[in-house]
Amino acid sequence: MIWRALAECEFYFVSAGDKVVRPIFFGKGLDKVEEIQQAAQTLRHELKMIDQRLAGSSWLVGDKISAADIGIFPLVQLLLRAASKEAAQPFNLGLLPLGQTFPNVARWVQRIEALPNYQRTYPPHWRQ
């Protein structure tokens, strides 16, 4: 189940995420509005699936944190960081506020951020 969660994330979430995140962070391809919005739709679908999975569990696979959580969490954080940038506003990505759009994902993010030593893993340049 862990491998399945990671493989699904790699296949669906990462490829769509690149189409949203890269233009926002690097400013190239911002004119591909339709492509970005289609990718955002895929991401919303994937986040909905994750949100549904987290409705009955604190973690993505099983009753404790696993490689699925550790592998998928940074990608979700990267997407959320991109969605919060000014360059993302014209695209109406439909991801934020996370607590309203995907409440179970929001709680999962909070659980991971509350883990001991999480702050040591947080990229310093993301704090700016």
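Nothing in this text is a laboratory measurement; each read-out follows from the coordinates by a stated rule. Note that this is a predicted model, so its numbers are computed, not measured. Every residue, glycine as well, gets a Cβ built from its backbone with ideal geometry; the counts of neighbours run over all protein chains shown.
In nm, to one decimal, how far is the modelled label at Tyr12 from the one at Gln89, with both set 7 Å along Cα→Cβ?
In this crude spin-label approximation the distance works out to 3.1 nm.
Calculate, in nm to one decimal, what Thr101 and Asp63 gain on full extension: separation in residues at 0.36 nm each, minus their alpha carbon distance.
Extending this stretch completely gives an extra 11.3 nm.
Candidates [x] 91; [y] 119; [z] 100; which is the computed volume of the Cα convex hull per residue in Å³?
Here volume of the Cα convex hull per residue in Å³ agrees with entry [z].
Restricting to lysine pairs 8 or more places apart or on different chains, what number in the chain have Cα atoms under 19 Å apart?
6
Which of the peptides 31-37, 16-22 is most tightly packed, and how do the rest follow, judged by the mean count of other Cβ atoms within 10 Å per residue?
Ranking the peptides 31-37, 16-22 by packing returns 16-22, 31-37.
Using only the alpha-carbon atoms, how far is helix 33-55 inclined from the longest principal axis of the chain? Give it as 0 to 90 degrees, nearest 10.
So the inclination is approximately 10 degrees.
By how many degrees, 0 to 90 and rounded to 10, does the Cα axis of helix 103-113 deviate from the longest principal axis of the chain?
The helix 103-113 is inclined about 70 degrees to the chain.
Only helical DSSP H runs with n ≥ 4 go in: add -39500 (n - 2.57) per run for the chain, normalise by residue count and round the 222 nm mean residue ellipticity to 500 deg cm²/dmol.
Roughly -18500 deg cm²/dmol at 222 nm, from the helical runs in the chain.
Rounded to the nearest 0.05, what FRET efficiency is calculated for Thr121 and Glu34 with R0 set to 41 Å and r the Cβ-Cβ distance?
0.70
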